[in-house]
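The values are calculated or read from the model by the stated rules, or taken from the named source; none is laboratory data. On a predicted model such as this, the values are computed, not experimentally measured, just so you know. All Cβ positions, even for glycine, are placed from backbone atoms using ideal geometry, and neighbour counts span all protein chains on display. With ligands, DNA and RNA removed, areas are computed over all heavy atoms of the protein, side chains included. Shrake-Rupley method; radii C 1.70, N 1.55, O 1.52, S 1.80 Å.
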2 protein chains.
Amino acid sequence: MGEPAGIGGEIAVQAWRRRGEGVPPFYAIDDPARLAALARRFDWDVPVHPVKRPEEALSLFAEALPVVPIGAAPRARPGQPDRADARLVLAAIERAVADARDGRAAAVVTNPISKDALYRAGFRHPGHTEYLAELAGSTAPAIMMLACPELRVVPVTIHHALREAIALLSTQAIVYAGQVVDAALRRDFGIASPRLAVAGLNPHAGEGGALGREDLDIVAPAVAELRAAGVNARGPLAADTMFHERARRGYDAALCMYHDQALIPIKTIDFDGGVNVTLGLPFIRTSPDHGTAFDIAGRGVARADSLIAALRLAAAMAARRARS
Amino acid sequence: MGEPAGIGGEIAVQAWRRRGEGVPPFYAIDDPARLAALARRFDWDVPVHPVKRPEEALSLFAEALPVVPIGAAPRARPGQPDRADARLVLAAIERAVADARDGRAAAVVTNPISKDALYRAGFRHPGHTEYLAELAGSTAPAIMMLACPELRVVPVTIHHALREAIALLSTQAIVYAGQVVDAALRRDFGIASPRLAVAGLNPHAGEGGALGREDLDIVAPAVAELRAAGVNARGPLAADTMFHERARRGYDAALCMYHDQALIPIKTIDFDGGVNVTLGLPFIRTSPDHGTAFDIAGRGVARADSLIAALRLAAAMAARRARS
């Protein structure tokens with residue numbers, strides 16, 4: 001479901017309408033009446049079918065959008081989150097994790113939530129991903145990958161002030177991220193010999209120390225450690241020359257040192273179709289690479305491309321795990 | 001000329017060979033024998049014609065590459081700079097500036113130099129641009145713009161460690177850059193009402209302070225000050241969502257807070273054709289957006305696209321100034 005005041009409902013309904021475009025079977029964990037009302041509002045012919053058990057969804061999917069009910073109607077209006085909905089938002093996430101963990105679902109795809117709205121209702125996790133990790137009983141940090149057909153990027157530090165991201169950067173964090181990404185590329189992306197490109201923190205990767213010491217003292221030792229552990233990593237590389245078309249052919253994923261270093265190139269290349277993949281959880285989890293979009297919610301204009309890409313990628317990853 | 005151990009000579013000769021592609025008339029300030037030897041080495045049919053006065057170059061250009069001799073032969077071999085060449089490298093720059101200042105040339109286009117090689121010979125300027133500013137008798141800091149057909153970006157801080165760039169960022173520097181860029185877009189780029197997009201420093205432009213204070217305390221006041229001064233600036237904007245195709249249509253130049261924030265998007269979009277433009281000098285100066293490329297120098301494979309784009313842009317800017 002995600003945040004019911006956002007575009008989650010309408011893009012879920014849209015994704016079902018576009019099921020002919022190779023969208024794998026999915027079920028929503030949401031309020032069936034709410035989704036049916038959304039479809040009616042936009043004159044979209046979408047039969048919504050409540051299901052008690054996810055197992056029923058597969059045979060239904062061709063004819064109707066299967067919805068496992070969350071048990072109550074959200075109070076939010078488009079663009080206006082309601083604090084009272086927080087427990088439904090969290091319940092939907094918890095149900096998805098339980099279904100994936102118990103094998104009733106092959107993967108979890110999450111629609112965007114509003115951290116603000118949840119915080120006001122007492123939610124205390126730094127974000128969606130950390131909450132999922134806790135639900136999964138995972139203690140290791142989850143790793144965020146953003147993927148589009150042309151590029152995969154992994155920010156080693158994520159939601160921190162830039163100054164703080166620099167202070168937090170460590171050889172250990174880069175090595176851990178590199179190992180998780182290497183394993184995921186093999187297992188979930190079907191890449192037998194993954195190649196990682198590691199970005200430098202400073203301009204020109206520090207120019208031998210003239211433009212900052214971190215690339216020599218933190219990043220280079222991480223690359224050496226990864227290589228010693230059998231990971232095919234290269235770097236630190238000058239970040240500005242890593243992301244053009246020819247350069248991208250040289251690696252399967254780029255490890256980036258901070259949020260914008262990873263997100264600027266991928267959102268520049270593919271703004272609508274990027275997928276957020278959480279690596280290091282005990283189940284597969286993807287999500288669209290955008291927010292709740294309160295400004296356009298309820299108008300039926302939100303694009304479902306990123307959600308569809310997230311559904312497709314989750315299915316492809318699940319298929320590879322099933323075969324392995 | 002630029003660094004004679006780099007690709008400067010061969011791309012200058014290449015640019016002349018491609019003069020049919022709308023390359024404006026130019027003359028090299030170089031060693032004529034060296035350029036003739038380069039052309040012979042690659043079997044390129046390029047008559048090299050020494051000229052004493054730049055004024056002779058215009059009528060010659062259709063038939064031969066005009067070269068104002070620097071007075072000696074560089075000793076460097078491809079990929080191997082020679083300390084003894086430093087005075088020739090600097091003499092070529094000085095001659096170009098004098099020609100532009102005295103109206104014998106419409107603009108200066110510089111090939112890449114090797115700061116390392118010059119430093120070893122006693123050069124004490126932080127870079128090419130600062131040296132040009134000094135030669136021009138300019139005391140205000142020069143502003144670097146990178147331009148390609150799809151995007152113009154201006155890093156407010158340039159060659160500093162990322163940590164230092166954050167510490168150096170000031171409202172004053174952003175306002176100064178914004179004013180110089182606004183004036184240049186009007187005078188040199190023919191944009192009557194320029195629109196500037198100002199990137200935030202932190203992820204999500206600081207998310208209201210949750211991800212760093214600099215966007216509230218430094219960037220936002222700069223945008224307000226620019227607007228009060230009549231500059232159509234917007235921001236601070238989340239940097240990751242500023243550079244995709246639709247977003248780019250909303251502005252004429254992006255002011256970025258640090259090197260990679262500006263250079264990652266433009267080099268991702270157009271790696272070969274970007275041009276470096278120095279704003280705030282008393283003459284027009286452009287340069288290709290790449291380095292000396294010692295690794296491929298002397299092989300005749302270097303692409304002249306960026307130099308050609310730099311020549312074209314310089315000519316277009318000069319034509320606009322002449323009309324105004």
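Remark: pairs (first residue in the stretch B:105-126, of a type in the set (S, T, N, Q); second residue open to solvent by 60 Å² or more (accessible area, probe 1.4 Å); Cβ separation under 8 Å; 6+ apart in sequence or on different chains) = B:S114/B:F294.
Checking each residue in the stretch A:155-171 for being without any contact (Cβ under 8 Å) to a residue 24 or more places away in the chain and more than 10 Å from chain B (Cβ to nearest Cβ) picks out only A:L168.
The set of residues from the stretch A:240-265 being aromatic (F, W, Y) and touching a residue at least 60 places away in the same chain (Cβ under 8 Å) comprises A:F243, A:Y258. One residue stands out among those in the stretch B:98-145 that are touching a Leu at 6+ places or on another chain (Cβ under 6 Å) and β-branched (V, I, T): the one that is farthest from B:G178 (Cα to Cα), which is B:V109. In this structure, A:R187 does satisfy being within 27 Å of A:F283 (Cα to Cα) and open to solvent by 20 Å² or more (accessible area, probe 1.4 Å). The set of residues in the stretch B:113-135 being open to solvent by 20 Å² or more (accessible area, probe 1.4 Å) and of a type outside the set (D, E) consists of B:I113, B:K115, B:Y119, B:R120, B:A121, B:G122, B:R124, B:H125, B:P126, B:H128, B:T129, B:L135. Within the stretch B:173-207, being assigned to a loop (DSSP other than H, G, I, E, B) and more than 18 Å from the chain's Cα centre (by Cα) holds for B:G190, B:I191, B:A192, B:S193, B:P194, B:G200, B:L201, B:N202. Is it true that A:G200 is closer than 29 Å to B:L216 by Cα, in contact with a strand residue (DSSP E or B) (Cβ under 6 Å, 6 or more places away or on another chain) and within 10 Å of chain B (Cβ to nearest Cβ)? Yes, satisfied. With respect to (1) closer than 17 Å to B:A315 by Cβ; (2) open to solvent by 60 Å² or more (accessible area, probe 1.4 Å); (3) modelled with pLDDT of 95 or more, the lone exception for B:A107 is condition (2).
Taken over the stretch B:114-130, the criterion of being hydroxyl-bearing (S, T, Y) and closer than 14 Å to B:T286 by Cα is satisfied by B:T129 alone. Scanning the stretch B:136-175 for residues that are open to solvent by 50 Å² or more (accessible area, probe 1.4 Å) and at negative phi turns up B:T139, B:P141, B:P149, B:E150, B:R152, B:H159, B:H160, B:R163, B:E164, B:A167, B:L168, B:Q172.
Of all residues in the stretch B:60-74, count the ones that are open to solvent by 20 Å² or more (accessible area, probe 1.4 Å) and over 14 Å from B:W16 (Cα atoms).
Pass one, the stretch B:60-74, residues open to solvent by 20 Å² or more (accessible area, probe 1.4 Å): B:60, B:62-63, B:69-74.
In the following step, the residues that additionally are over 14 Å from B:W16 (Cα atoms) were identified as B:69-74.
Number of matching residues: 6.
Name the residues in the stretch A:270-313 that are β-branched (V, I, T) and in contact (Cβ under 8 Å) with a residue 24 or more places away in the chain, would you?
To start, the set of residues in the stretch A:270-313 that are β-branched (V, I, T) comprises A:275, A:277-278, A:284, A:286, A:292, A:296, A:301, A:308.
Scanning the stretch A:270-313 gives A:V275, A:V277, A:T278, A:I284, A:T286, A:T292, A:I296, A:I308.
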